[in-house]
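S.K.: Please find one structure pasted underneath; my questions will follow.
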Amino acid sequence: MEYPKASQVASGLEFLAETGSTNQDLSALAKQTELPEFFTLVTDFQSAGRGRLDRAWEAPPASSVMASVYLKPRFENQSGVGWISLLVAQAIKQTIEDLGVSANIKWPNDVLISGSKVSGVLAEVSQDLSSVVVGFGINVSQEAKDLPVQNATSLLLAGASSLDRDSILASTLKNLRVLYSELVAAGGDAQVCGLRQQLLDSSATIGQLVEVMFKDQESVMGRAVDIDDTGRLVVKTQTQTLVVSAGDILHLRAYEQDD
Ligand code: BT5
C-alpha cells in the first residue's frame, strides 16, 4: 500500500509489505545509517510484532497501522525521554478523536475506546540512550473475530469516520510532531509544555483502583492518583504512596466500592 500523505509528514518513509517487527528493523537500520528524526518505517503485516515484556502484537494483513518512528531527543531535562511513550499515545488519541470517536489513555502505553484497547505503543531507547525507536499499532479495520484478545477493539468497530490507513498515520505523525516539538522547546519538561496536564486529562487510569503488577510477579493494589513530573504513575495504597515507572496496570473498576 502507498502512504503518500504520511510520506509528506515523515522525514523519509519506508514501506515494507511484510516484515517481522518494524521496531526491530528500525533499530537495526539506525545502527547502520544516520537517520533523520521522524524517519518512519511502516508495514502491512508483522509476523513477529512486539509488545512490551516479550509480549506479541498481532494483527491480520492490511488491517492496521503498524509503524515505527525514529527520534533523537536531546532534552536538557533527562526525564523527557520517560514521556515519549505517553506522548505518542496522546498523538494517537488526538487522531482517533478527529475521527469522531472518544478515546483515552491507560498508563503507560495503551489507547482505549470505551475501555477496550485500540492501540499500543512500544518505545525502545538505544543502549547509549541517544535515540528512541517508538512503534505503534492502531487497529483499523478488524472485525471482532480478527482481534487477538477480548479486551480489544478497532476503529471500524468504534464507528470512526475514516478507515484510511495513510490518513491515520499522517495525522498521528502530525500530532506527534507538534507534541514532540513542544516538549523539546520546553527542554523535556512535560509540566512546562502542558503535556503532563494533557495526559492527566486523557487518562483512563487516574482515579482508578488499580493492581500494579511487577516483573517479579509481585503486585500491589491501590488508587492511581497522579502522573509525576517524570511520567511515572503515583499509586496510593492503604499504607504508602508508590511511584511506578515500569509494571502492568490492571484497572479494577469491577471491584470498586465507594470510599
Ligand atoms: C503494546 O505492548 O501494546 C505495544 C504494541 C506495539 C506494537 C507496534 S506495531 C509496530 C511496532 N513494531 C513492533 O514490533 N511493535 C510495535 P503491551 O502493552 O505489552 O501489550 C501487548 C498485549 O496487547 C498482548 O499481550 C495482547 O494481550 C494485546 N494485543 C496484542 N495484539 C493486539 C491488538 N492488535 N489489539 C489489541 N490488543 C492486542
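The values are calculated or read from the model by the stated rules, or taken from the named source; none is laboratory data. Everything numeric here is computed off the predicted structure, so don't read it as measured data. Glycine also receives a Cβ, built like all others from the backbone with ideal geometry; neighbour counts cover every protein chain displayed. The area values use the complete protein model at the heavy-atom level, side chains included, leaving out ligands, DNA and RNA. Shrake-Rupley method; radii C 1.70, N 1.55, O 1.52, S 1.80 Å.
S.K.: Condition check: in contact with a strand residue (DSSP E or B) (Cβ under 6 Å, 6 or more places away or on another chain) and either of a type in the set (Val, Ile, Thr) or modelled with pLDDT under 95 (or both). Does Val149 satisfy that?
M.R.: Taking the combined requirement at face value, the residue does not satisfy it.
S.K.: Please indicate, with yes or no, whether at least one residue in the stretch 186-197 is of a type outside the set (Asp, Glu), farther than 30 Å from Ser7 by Cβ and free of Cβ contacts under 8 Å to residues at least 24 places away in the same chain.
M.R.: Scanning the stretch 186-197 turns up at least one residue that is of a type outside the set (Asp, Glu), farther than 30 Å from Ser7 by Cβ and free of Cβ contacts under 8 Å to residues at least 24 places away in the same chain.
S.K.: Tell me the residue from Ala62, Ala6, Ala48, Ala30 that is of a type in the set (Gly, Ala, Ser), at pLDDT 95 or above and under 18 Å from Ala89 (Cα atoms), please.
M.R.: Only one candidate qualifies: Ala6.
S.K.: Test Asp201 against the stated conditions and say whether it is at pLDDT 95 or above and in contact with a Lys or Arg (Cβ under 6 Å, 6 or more places away or on another chain).
M.R.: On the way: at pLDDT 95 or above: yes; in contact with a Lys or Arg (Cβ under 6 Å, 6 or more places away or on another chain): no.
Here the answer is no, as Asp201 does not meet what is asked.
S.K.: Within the stretch 22-58, can you find the residues that are under 16 Å from the mean Cα position of the chain (by Cα) and within 8 Å of the ligand (Cβ to nearest atom)?
M.R.: Result: Thr22, Asn23, Gly49, Arg50, Gly51, Arg52, Leu53, Arg55, Ala56, Trp57, Glu58.
S.K.: A further question on this structure: Find the strands (runs of 3 or more DSSP E) located wholly in the stretch 17-128 whose residues include 3 or more that are among the hydroxyl-bearing types (Ser, Thr, Tyr) and open to solvent by less than 40 Å² (accessible area, probe 1.4 Å), and list them.
M.R.: Qualifying strands (runs of 3 or more DSSP E): 64-71.
S.K.: Just the residues that are surrounded by 20 or more Cβ atoms within 10 Å (Cβ to Cβ) and touching a Cys at 6+ places or on another chain (Cβ under 6 Å), please, taken from the stretch 173-197.
M.R.: Selection gives Leu183 alone.
S.K.: Moving to a separate point now. Please pick out the residue among Val118, Val81, Val133 that is within 12 Å of the ligand (Cβ to nearest atom), in contact with a strand residue (DSSP E or B) (Cβ under 8 Å, 6 or more places away or on another chain), over 21 Å from Gln208 (Cβ atoms) and not acidic (Asp, Glu).
M.R.: Val133
S.K.: Would you please name the residue that is surrounded by the fewest Cβ atoms within 10 Å (Cβ to Cβ), looking only at residues in the stretch 198-255 that are charged (D, E, K, R) and in a loop (DSSP other than H, G, I, E, B)?
M.R.: Residue satisfying both the conditions and the ranking: Asp216.
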